[in-house]
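The values are calculated or read from the model by the stated rules, or taken from the named source; none is laboratory data. Quantities reported herein were computed from a predicted structural model and do not represent experimental measurements. We place every Cβ from the backbone using ideal geometry, glycine too, and count neighbours over all the protein chains shown. What goes into the accessible areas is simple: the full protein's heavy atoms, side chains included, and nothing from ligands, DNA or RNA. Shrake-Rupley method; radii C 1.70, N 1.55, O 1.52, S 1.80 Å.
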Amino acid sequence: MERRIIHIDMDAFYAQVEQRDEPKYRGKPVIVGGRSENRGVVATASYEARKFGVHSAMPMRTAYKLCPDGVYVRPRFDVYKEVSAKVMDIFLKYSEVIEPLSLDEAYLDITHLVSKDRTARSIALEIQHEIYEAVHLTSSSGISYNKYLAKIASGMNKPKGTTVIHHGNVQEVLFSLKIGDFPGVGRVTEEKMKSLGIMTGKDLYEWSEADLIFEFKKRGTSLYKKARGIGTSELSVERIRKSIGKETTFNYDINEDDIILKVLEELCGKVSMNLDRRQLAGRVVTVKLKTLNFEAHSRQMMAPNPLFESDEIFHYAYDLYHKVKSPEEPIRLIGVTLSHLEERTYRNLTIYDFL
Ligand code: TTP
Ligand code: MG
């Protein structure tokens with residue numbers, strides 16, 4: 001039987017919480033961000049700040065340039081976590097099958113609730129209303145018959161949106177979607193797609209499965225399906241992720257340590273941000289690389305304390321890279337993963353006091 005999946009995502013989450021708790025921030029461009037040792041990035045920006053071009057993961061100094069009169073605030077993770085727990089409690093009233101993706105978003109399977117008199121859309125509206133009543137924050141929802149379409153839908157009418165993708169409009173929606181907006185198409189894949197002339201879902205649709213496999217290897221089939229609205233509706237209800245990793249595939253073979261290390265440092269920053277969003281820390285760092293002939297090599301080490309700061313992770317990744325990389329052999333891919341994850345304790349949370 002076809003499933004009904006709702007994806008709910010809070011609007012400008014950290015920034016909206018700050019505006020909720022500080023009336024003088026309301027209506028103003030609010031930028032929430034931090035500094036980890038020597039560099040800081042934007043965690044999120046209010047919709048007012050986004051008009052200036054400020055967005056998540058942008059260096060703070062770029063944000064300052066774009067929006068010098070913005071209100072800059074440090075994240076208060078303890079508050080966001082508390083809000084998140086309340087929101088998740090509301091989800092649990094509707095369904096036991098929930099897959100949280102981060103503090104502010106989750107998938108819910110609500111198939112069992114849908115009837116002739118109660119549409120999936122009306123259930124989504126009820127949930128959004130209940131969230132607002134409980135924590136005074138707005139959210140957006142997407143409803144569809146699989147996960148990735150629900151996620152696309154929730155982003156279509158932000159903020160305060162409720163959007164349904166059904167069999168009647170799915171192809172139209174996917175055709176007009178920018179290629180970078182497909183879930184699972186990261187920056188590197190997006191660049192490669194564009195270099196092949198694939199700018200939109202329509203362009204992707206026109207590629208054969210065989211050609212996509214030729215260009216994108218194992219991911220070809222999934223891209224082919226994504227262009228056609230086919231995806232899984234099975235929620236993964238695992239409570240805590242076992243590892244968090246990021247990797248980059250280069251478009252060419254590369255052997256320059258300084259360039260590779262710069263990419264590795266960026267990947268550490270992304271892993272760190274991902275850990276922040278889930279309020280996790282990890283003790284084992286793994287660096288993996290693949291050589292030209294797709295041979296994989298990896299090395300890992302365990303840190304004495306749980307890590308989550310970008311610079312700390314890079315400190316280990318740097319050593320591991322030099323252990324695993326052979327100087328004369330160029331590589332095609334580099335990745336870094338943190339495993340042995342645990343929830344952050346209050347003790348290591350206090351480091352945010354110094355942000
Ligand atoms: P998102 O849901 O991606 O963004 P958002 O809720 O701020 O805005 P939108 O209305 O577009 O959904 O992320 C949720 C929170 O996670 C966000 O408020 C801050 C944090 N976050 C980071 O710390 N770094 C990041 O790169 C991203 C994308 C989010
Ligand atoms: Mg959000």
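Odds and ends about this structure:
- Residues being among the aliphatic types (A, V, I, L, M), open to solvent by 40 Å² or more (accessible area, probe 1.4 Å) and within 15 Å of ligand 2 (Cβ to nearest atom) - total across region 44-84: 1
- Residues in region 25-52 that are modelled with pLDDT of 95 or more, out of contact with any strand residue (DSSP E or B) (no Cβ under 9 Å at 6 or more places or on another chain) and more than 11 Å from ligand 1 (Cβ to nearest atom): Arg26, Gly27, Lys51.
- Looking across region 85-115 at every residue that is open to solvent by less than 50 Å² (accessible area, probe 1.4 Å) and of a type in the set (Ser, Thr, Tyr), the one that is nearest to Met10 (Cα to Cα) is identified as Ser102.
- When Leu137 is tested against (1) more than 24 Å from Glu234 (Cα to Cα); (2) open to solvent by 10 Å² or more (accessible area, probe 1.4 Å); (3) touching a residue at least 60 places away in the same chain (Cβ under 8 Å), just one condition goes unmet, and that condition is (2).
- The set of residues in region 151-164 that are touching a residue at least 60 places away in the same chain (Cβ under 8 Å) and open to solvent by less than 30 Å² (accessible area, probe 1.4 Å) comprises Ala153, Ser154.
- Among (1) within 14 Å of ligand 2 (Cβ to nearest atom); (2) closer than 30 Å to Arg26 by Cβ, the one test that Glu126 misses: (1)
- Restricted to helices (runs of 4 or more DSSP H) entirely inside region 201-291, those with at least 1 residues that are free of Cβ contacts under 8 Å to residues at least 60 places away in the same chain, open to solvent by 10 Å² or more (accessible area, probe 1.4 Å) and basic (Lys, Arg) are 201-205, 220-226, 257-278.
- Gly33 open to solvent by less than 10 Å² (accessible area, probe 1.4 Å) and away from ligand 2 (no atom under 14 Å from the Cβ): yes
- Where Arg118 falls short, out of the listed (1) open to solvent by less than 30 Å² (accessible area, probe 1.4 Å); (2) away from ligand 2 (no atom under 15 Å from the Cβ): (1)
- Scanning region 171-198 for residues that are touching a strand residue (DSSP E or B) at 6+ places or on another chain (Cβ under 7 Å) and not in a helix (DSSP H, G or I) yields Leu177, Lys178.
- Exactly one residue among Ala106, Ala49, Ala63 is among the hydrophobic types (A, V, I, L, M, F, W, C), under 30 Å from Val237 (Cβ atoms) and within 24 Å of the chain's Cα centre (by Cα), and that residue is Ala106.
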